[in-house]
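The values are calculated or read from the model by the stated rules, or taken from the named source; none is laboratory data. Keep in mind that this is a model prediction, so the values were computed, not measured. Positions of Cβ are backbone-derived with ideal geometry, glycine not excepted, and every protein chain shown enters the neighbour counts.
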Amino acid sequence: MSARAVVLAAGKGTRMKSARPKVLHELCGRPMLWWVLEALRAAGADDVIVVTNPELDPLLAPRGVRTVIQPEQLGTGHAVKIALDALEPRDGRLVVAYGDMPLVDAAIFADVQAAVDPRAGTALALVTARMPLPSSFGRIVRSASASSGRASAVERIVEAKDCTPDQLALDEMNAGIYAFDEAALRDVIPRIGRDNAQGEYYLTDAVELLIAAGRRVAPVPVADYRSVLGVNDRVELANASAILNRRLCEEHMRAGVTIVDPAATYLEPGLVIERDVTILPGSAVGGASRIGEGTTIGMNCRIADSVIGARCTVRESVITSTTIGDDVRIGPFAHLRDGNTIGDRVRIGNFVELKKSEIGDDVKANHLAYIGDATVGARTNYGAGAITCNYDGTNKNRTQIGADVFVGTNNSLVAPIALGDGAMTGAGAVVIRDVPAGDKVVGNPARFSRPASWRTSPIRAGRGSNGPIQVPPGASSCTVPGAGT
Ligand code: UD1
Ligand code: MG
C-alpha cells in the first residue's frame, strides 16, 4: 500500500532527563525513531516526513530522513500543521504517528490505513487500546448509546490531564496512530485551539471537529496494548527494549535457534542466525552479524558486525568486525577486534587479542598473546605470551608469519618482520630480523648474574638439601655479587 506519513518527533522529551533527543535513545541497537520508520516502511509508506526540533534536525538530516522543523513545541496539532504546510496537498490517506512508540508494527499501520475511506465519509481511523489503569494516555470517549449491543461511536479524545475522574476511569486509550483523509485534516487543523490543561494545540481535538463537520471517525482496536506503548522516560525505555528484544529472540527461536534465557540475551534486528545455534545467557549479538549452523555462543559474549562459521564455540569473548571459519574455538576471554579473518579449525584461547590479522587454518594461539596487523599461515603454533610489536611509536607495521611456524613462548616479534614457512623461534626470543623458511632463531637468553665459581650453592648442588646459599667473602647478601667485575 503506497501512503504518505507524518511522524512527530519534535517534543522535548523532558521526562527522559537527557542531553540526547528522546527519539534517538536506542532500543536493541536502533534509535527509537528507526523502529517507527521501519514499521511504516514495511507497511508501504513511501513518502514520510518527520517533524523535528532545531536540536534534533541536524542529527537526522545526515541519516537521509526527510524532515521539517517545528521551531517551538506548541503541541501535536501544531506539529501536524507544520508538516502539512511543508507538503504539497494531495488527495488520499495521510498516516500520522508519534516517534516515541517503537513497539508499533507494520500490521497496525496497514490496518489503520485500510479503515479510512474518504468516499464513504470516514475521515479518520484511529488506533485504540484497552490498557491497565492508571495510564497517562488520552481517553477514548464514546457516545452513551450502547444499549443496542453494538459498539458505540467515538465522540472525542480527552487527554489524561484534562479528564474528569469519570473519564480517567475509562480504559480505552488513544494509541496515537491515525490515518486521515488528508483533505479533511487540512480543513480542521487550523480550527484546533489551545484551551486545555497544557495550553497546547492537541491533534486529538481533530476528532470532535471532524464529527461536527459530519464526518465519521473509525476506531481500530489493537489486540495487545503493549504494541502501542509510548516511551516517555527511561523506565518505559527499558520496558520497551525488553519487549522488542523478546520479539527478536522469539523470531530466532521459532527459526531453530536455542536461546537459553531470552531475558539475558541481547539481539538486534537484521541478524542471520542459522539453525541449531545455541546462545547462552549474558550474550549480545548485534550489527550485521551472521552465526553459522550448530555454533554455540556464550556465556557472556559480545559479538558485533562479525561472521562466525558453523560448529564453532565462542565462550566469554568479545568479537567485533571479524570473519571466522568453521569448527573454530574461541575463548574463554579472547578479544578479536577491528577486522580479522580467521580460517577453519583455529583455536584462539584465553587472554588472546587479535587485531586486523589474517589467521590461516588450524592455527593455535592458546594463551596470553597479541596478534596485531599480522598474517599467520596455516598450522602455525603461536606460543603463550608471544606479542607482535606492531607499533613503533609512529607507524603500525605488519608481521608476516608463514605456515607451520613455531613461535616460542614470550616472543617479541618486532615488526615489520617476516618468519618464513617452518621457521622456529626459541622461548623468550626478541626477533628483530626476518627468519628464513625452515630456520631457527633463539635469543635474549637469561644470563647468570654471578661468576661460575659462586654458582655451586648447596641448594643447586644438593638439589633439596636446603643448605644455606653461599655468600662470597666480603659481599653483603643483598648486593649482586660479581656485578661489574
Ligand atoms: C499523546 C496523545 C495522547 C496519546 C499518547 C500516546 C496528544 C495531544 N496526545 O500524548 O492522546 O494517548 O500520545 O502515546 O496528541 N510532539 C511534537 N511537537 C509537539 C509536541 C509533541 O512533535 O509540539 C511529538 C513528540 O515528540 C512525541 C509525540 O509528538 O513523539 C507525542 O507527544 P507527547 O508529548 O509524547 O504526547 P503524549 O503526552 O504522550
Ligand atoms: Mg508520548
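Summary of computed values
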{"item": "Breaking point among (1) under 17 Å from GLU236 (Cα atoms); (2) in a loop (DSSP other than H, G, I, E, B); (3) within 16 Å of ligand 2 (Cβ to nearest atom), for ARG15", "result": "(2)"}
{"item": "Residue match in the range 216-225 (condition: of a type outside the set (Gly, Ala, Ser), surrounded by fewer than 16 Cβ atoms within 10 Å (Cβ to Cβ), within 13 Å of ligand 1 (Cβ to nearest atom) and modelled with pLDDT under 95)", "result": "no"}
{"item": "Yes/no for ARG275 being basic (Lys, Arg), crowded, with 16+ Cβ neighbours inside 10 Å and farther than 23 Å from PRO102 by Cβ", "result": "no"}
{"item": "Search result, residues across the range 369-393 that are assigned to a loop (DSSP other than H, G, I, E, B) and either at pLDDT 95 or above or closer than 16 Å to ALA429 by Cα (or both)", "result": "ASP373, GLY377, ALA378, ARG379, THR380, GLY383, ALA384, GLY385, ALA386, ASN390"}
{"item": "Test: residue in the range 54-66 that is in a loop (DSSP other than H, G, I, E, B), within 11 Å of ligand 1 (Cβ to nearest atom) and closer than 22 Å to ARG4 by Cβ", "result": "yes"}
{"item": "Residues within the range 164-182 that are within 11 Å of ligand 1 (Cβ to nearest atom) and out of contact with any helix residue (DSSP H, G or I) (no Cβ under 8 Å at 6 or more places or on another chain), tallied", "result": "1"}
{"item": "Residue check for LEU185: away from ligand 1 (no atom under 14 Å from the Cβ) and in contact with a strand residue (DSSP E or B) (Cβ under 7 Å, 6 or more places away or on another chain)", "result": "no"}
{"item": "Residue satisfying all of: in the range 18-47; surrounded by fewer than 19 Cβ atoms within 10 Å (Cβ to Cβ) and outside any helix (DSSP H, G or I); nearest to the chain's Cα centre (by Cα) among these", "result": "ARG30"}
{"item": "Which numbered condition ASN397 misses (of (1) at pLDDT 95 or above; (2) within 31 Å of the chain's Cα centre (by Cα))", "result": "(2)"}
{"item": "Pairs, first farther than 20 Å from ASP111 by Cβ in the range 42-57, second among the small types (Gly, Ala, Ser), C-beta under 6 Å, six or more apart", "result": "ILE49/ALA83; VAL50/ALA9; VAL51/ALA10; VAL51/ALA79; VAL51/ALA83; THR52/ALA9; THR52/ALA10; ASN53/ALA10"}
{"item": "Within the range 193-225, considering residues that are within 16 Å of ligand 2 (Cβ to nearest atom) and in a helix (DSSP H, G or I), the one nearest to ILE157 (Cα to Cα)", "result": "THR204"}
{"item": "Unique residue being within 16 Å of ligand 2 (Cβ to nearest atom) and touching a Phe, Trp or Tyr at 6+ places or on another chain (Cβ under 9 Å) when the list is VAL50, VAL96", "result": "VAL96"}
{"item": "Residue ID - nearest to MET16 (Cα to Cα), chosen from residues in the range 226-272 that are in a loop (DSSP other than H, G, I, E, B) and within 16 Å of ligand 1 (Cβ to nearest atom)", "result": "ASP233"}
{"item": "Criterion: in contact (Cβ under 8 Å) with a residue 12 or more places away in the chain and within 28 Å of the chain's Cα centre (by Cα) - qualifying residue of ALA123, ALA110, ALA79, ALA115", "result": "ALA110"}
{"item": "Selection from the range 116-145 of residues that are surrounded by fewer than 16 Cβ atoms within 10 Å (Cβ to Cβ), in a loop (DSSP other than H, G, I, E, B) and more than 10 Å from ligand 1 (Cβ to nearest atom)", "result": "GLY121, PRO132, LEU133, PRO134, SER143, ALA144, SER145"}
{"item": "Any pair with Cβ under 9 angstrom, 6 or more apart, that starts in the range 60-74 at a residue that is at negative phi and ends at one that is within 16 Å of ligand 2 (Cβ to nearest atom) and among the charged types (D, E, K, R)", "result": "GLN73/LYS12; GLN73/GLU200; LEU74/GLU200"}
{"item": "Matching entry among ALA284, ALA310 (being out of contact with any Cys (no Cβ under 8 Å at 6 or more places or on another chain), small (Gly, Ala, Ser) and surrounded by fewer than 23 Cβ atoms within 10 Å (Cβ to Cβ))", "result": "ALA310"}
{"item": "Neighbours by Cβ (under 6 Å, 6+ apart or cross-chain): first from the range 282-303, modelled with pLDDT of 95 or more; second surrounded by fewer than 18 Cβ atoms within 10 Å (Cβ to Cβ) and of a type in the set (Gly, Ala, Ser)", "result": "GLY282/ALA264; GLY292/ALA310; GLU293/ALA310; GLY294/ALA310; MET299/GLY282; ASN300/GLY282"}
{"item": "Selection count, the range 90-111, where residues are part of a loop (DSSP other than H, G, I, E, B) and buried (at least 16 other Cβ atoms within 10 Å of the Cβ)", "result": "7"}
